[in-house]
Structure formats: structure tokens, C-alpha cells
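Beneath this line is the structure, given in C-alpha cells, with notes to follow.
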Amino acid sequence: MSGQALRIGTRKSVMALAQTDEVARLLRASAPDLAVDVVKFETRGDQDQTSKLLRHGGKGGAFVAEIRDAMRSGTLQAAMHSLKDVPGNEETPGLVIAAMLARDAANDSLVLRPGLSLETFRASRGKGLKIGTNAVRRAAYLRRLFPEATVIHYRGAADTRIAKLDRGDKQRLPGGGEVGPADALVMARSGLERIGMTARIAHDFTVDEMLPAVGQGIVAVECVDTDWATRMRLAGIDDAQARLSAEAEREVLWVLNGHCNSPIAGHATLVGHEMTLRASVLDETGDRFIEVVRCGAADRPRELGRAVGLELLDKGAAEIIARSRPDE
């Protein structure tokens, strides 16, 4: 590919561009002769900041579909995704995730509006406060952690959400009307790090408090499966540990046949040759909670993920997922 530019597609958000810039930096470091062009897309999920993502086919339809179409047409050679936004229960004919970057922090964090201290937030136990999120997983955990708080629908890129929080803006609802303003937000720590806003973190949730989304903190780079030149380039920046963790976590999604409205969480850790995988399925109200933890060989991640997923099904996960599945 000497003398030829590798075109990477990405969303226009500050965070997506920061992630893509890191991909480009790593590619240039591994192949100094390689020209990397970043192509910005405004996806349906970016254009519509009001509707729930389900309207656009979930995260896959909202943030991934247009960029994937551009790869299939040859306009792009690769695309950057946050792995947590890539559905795990779908087939992607003709495409392959050729690189996963070393995992950033996987946990979620609490961001508070100006004037609200963590001490006040904790003392209130959430009573009388509104916490914003668009993720059903986060909403389910919040309803368990702070049952007296009101969890509200809250959309937007990371920097946009914080700006709305600081201004005291209300969030428009998909069916009309408004909600808010929010007193707090729950956001991925890795995203806040990418946009340089870690100073806004009031509290980092542990995995015991709030298990992360599958793939959270991992940047994935996708390309056409028959484009061997691009696959070779991307293999040079692939992180083996991130890939092993992702394969275990995403196997859980595959077994559960989860969808964008399913509160499913999963997180794998590696110590030496052993992997520990923890996964959970929650009722969206937070009332029902099933969690499984298993250990296994780090070099057999899908087997471990399959075992965890099947145990979740044995414990009743299918019923919870079926209730959360939208009407066709």
C-alpha cells in the first residue's frame, strides 16, 4: 500500500475523532510510509439527538450502518467504532474487525452539574435528583443503586451532554415534550478521558457497582474481509489482550441474542494465562438481576463466553431479554 492513502471513516463527534486520531497515530508509527486520511460522517444517530436509538435500528443502525456501506462501496478502506456500539448479535457479511486497540478504562463515571457536590448527592441517595443516560444498562443499574432518583432519557455526544448539563437544558423526548434538567450524568470514563474532561468526574463506579457494557473502552477498526492489504496494516496495531477480552464478552451477547434494549453487561480481565469473565442481565426497572462469574483459559475466550452466556440463560436471562424486546 506504499504511496496509497488508507481512508478511515468515523463519526464527527469530538470523542470519535480523538479515537480515530489514535488509530491513525498507531498506523503511522507502525508504517511511516503510510498516508492516513480521516473521513468524517454524520450518522443518523448524530443527526437525531432526540429519538431513542431503537428508532434507527439500535446503535448499529444509528452509528455504524452508513460507515459500513461506505466501506462496502470502496469509498473507505477502514472504519473506527467504539466496540460497545457494535452489536454482538448480528452478522456482518463481507466485513471483519481487523484491529482492536489496547483497552482504555472500562468503567462508568458520575458527572455532576455545577453546584451539586458528591457529598450532597450521596447524602440524598438520589432522592429528588434526575440522572441522565441513554443506555438501558446504566439506567437499570442506577435504579438499583439510587431507587429514589429519577432516571431520564438523555442523548448527545459526550461533550454535548456535559454542555447541556452545565446550562441546565432540558432534553426533548422522542414522543414529544421535555424532561429535566439533569442533575447528574453517567458516562464512560474512557470517553471523558478522550475528550479531556476527566476533571468533571465526581465518582468512578466500580465493576461491583455498575458492570460495564460489553466492549466498553475498546476501539475497534473494521475493514472489508477480502482487503488483505488493509488487514495486514491493521494487524500491526491489534492488541492481543483487548481482542481476547472482547471475544469472551461478545460471545455472551451472541449466546443471549441480546438487542439494543437489553440491559446486558460483561467484563473480562486477564491475569497471566487465566481469564475471569463477569456478565449480568438486568430487568430495565432494576428489579431482577442475574450475574455469572467464571474463570477459564485466556486462550479460549469464546468457550468461556459461551459457558457464561448459557449459565445466564439457565438462570432465567431469556425471560428478562424477551420482556425488553420491542414489539415488531
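Data table
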item	result
Note, ³J(HN,Hα) from phi for the stretch 307-319, Karplus 6.51, -1.76, 1.60, rounded to Hz, x at Gly and Pro	5, 5, x, 5, 5, 4, 5, 4, 8, x, 5, 4, 5
Lys, Arg +1 and Asp, Glu -1 on Cβ, resulting dipole of the stretch 158-225 about Cα centre, debye, nearest 20	320 debye
Listed peptides 216-227, 199-210 by packing density, highest first (mean Cβ within 10 Å)	216-227, 199-210
Sequence of 71, 197 when ordered by accessible area, the most exposed leading, probe 1.4 angstrom	197, 71
Charge dipole magnitude, Cβ of K and R +1, D and E -1 - the chain, Cα centre, debye nearest 20	780 debye
CD proxy at 222 nm, helix term only [per DSSP H run n ≥ 4: -39500 (n - 2.57); per residue of the chain; nearest 500]	-9500 deg cm²/dmol
Cα-based Lys proximity count in the chain, under 14 Å, for pairs eight or more positions apart or on separate chains	4
HN-Hα J in Hz across the stretch 89-95 - Karplus 6.51, -1.76, 1.60, θ = phi - 60°, x for Gly and Pro	10, 10, 8, 10, x, x, 10
Residue among 198, 285, 120 with the largest mean-square fluctuation in a Gaussian network model of the chain, springs linking Cα atoms under 10 Å	120
Distance between the stretch 84-113 and the stretch 274-311 - C-alpha centres, whole angstrom	17 Å
Long-range HN-HN contacts of residue 129 with modeled amide H, under 5 Å	150
Extension gain (nm, one decimal) between residue 229 and residue 310, 0.36 nm per residue minus Cα-Cα	25.4 nm
Accessible area of the chain belonging to carbon and sulfur atoms, whole % at 1.4 Å probe	48 percent
Dipole-positive endmost among 273, 96, 218 within the chain (Cβ charges, Cα centre)	218
Residue 320 accessible area, assembled protein chains, probe 1.4 Å, Å²	0 Å²
Distance (nanometres) between label positions extended 7 Å along Cα→Cβ at residue 127 and residue 69	5.1 nm
Rounded to whole Hz, the Karplus (6.51, -1.76, 1.60) HN-Hα couplings of the stretch 70-78, x for glycine and proline	5, 5, 4, 7, x, 5, 10, 9, 7
Dipole in debye (nearest 20) - the stretch 134-250, about Cα centre, beta carbon charges: Lys, Arg +1; Asp, Glu -1	360 debye
Within the chain, percent of DSSP bridges classed antiparallel, to nearest 5	70 percent
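The values are calculated or read from the model by the stated rules, or taken from the named source; none is laboratory data. Quantities reported herein were computed from a predicted structural model and do not represent experimental measurements. Positions of Cβ are generated from backbone atoms using ideal geometry, with glycine treated the same way; all protein chains shown enter the neighbour counts. SASA here: full protein model, heavy atoms, side chains in, ligands and nucleic acids out. Shrake-Rupley method; radii C 1.70, N 1.55, O 1.52, S 1.80 Å.
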